[in-house]
1. Which sequence of I124, I173 reflects their accessible areas, 1.4 Å probe, from the largest down?
2. Which FRET efficiency value, to the nearest 0.05, do you get for E117 and S163 by plugging their Cβ-Cβ distance into 1/(1 + (r/R0)^6) with R0 = 25 Å?
3. Which value, in Å² rounded to 10, gives the accessible area of Y118 with a 1.4 Å probe and all protein chains present?
4. Protein chains only, probe 1.4 Å: how do S88, S129 rank by accessible area, largest first?
5. Name the long-range amide H neighbours of F139: under 5 Å, sequence gap of 5 or more, or other chain; modelled H, no Pro or chain starts.
6. How would H154, H116 line up by accessible area, probe 1.4 Å, largest first?
7. In whole percent, how big is the carbon plus sulfur part of the accessible area of the range 67-175, probe 1.4 Å, protein atoms only?
8. For a quick check: with amide H placed at 1.01 Å from N, whose amide H comes under 5 Å from A146's, ignoring anything fewer than 5 positions away on the same chain?
Amino acid sequence: NSAYDRQFALPASVAAPVFLVGQTSRSARVLQDPPPDSRYSRKMSGWNPSQYLKFAEERTQPCRDLAARIAVADVRRVIDLGCGPGNSTAVLRDRWPDAEFTGLDSSAEMIERARHEYPRQCWIAGDISEWAAGSDGQFDVVFSNAALQWVDDHAAVYPRLLSRVAPGGALAIQI
């Protein structure tokens, strides 16, 4: 194990796996996706915010755990990819109250709920892969909890996500 591996190792008591939490000064190795299989789809047909929030505490705890592991000083811009109804973005806002936040989710229903609950934030209904390939700047923290399993072509998307992280920032992903 390298010093980098030990720095980001999770204790055995953590239930949810963290795929990558890293500083941009380090290189990341991305595993290849398995060949596509037409019998399975990672895309969800729709999300119901009310149903999703019935277990808000259980759904939000892994987000809190991941956010607590991010060691970035002077966080100014944060994006929450797969933000759902805004509950995970609220956790991040509590951690960095002076930062500018953007929440992105593919579900228009989830974004509408987030806009209603947290009207002063920027909410985007969109696709994570398309955002990753975009050019609207870098973020100190690119955060995604329980969303990237729905995204295809990890071998292409993960390096793009890392490129959207500002120098000294972090890409924090948990699926």
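1. Putting I124, I173 in descending order of accessible area: I124, I173.
2. Between E117 and S163 the formula returns 0.20.
3. Approximately 60 Å² of Y118 is accessible to the 1.4 Å probe.
4. S129, S88
5. Long-range HN contacts for F139: V165, A166.
6. Largest accessible area first, the list is H116, H154.
7. Values: 2270 of 4620 Å².
Percent of accessible area from carbon and sulfur atoms in the range 67-175: 49.
8. Q174, I175
The values are calculated or read from the model by the stated rules, or taken from the named source; none is laboratory data. Note that the structure is a prediction, hence the values are computed from the model and not measured. Neighbour counts are summed over all protein chains in view; Cβ atoms, including those assigned to glycine, are modelled from backbone coordinates with ideal geometry. Please note that ligands, DNA and RNA were not included when accessible areas were found on the heavy atoms of the full protein model with its side chains. Shrake-Rupley method; radii C 1.70, N 1.55, O 1.52, S 1.80 Å.
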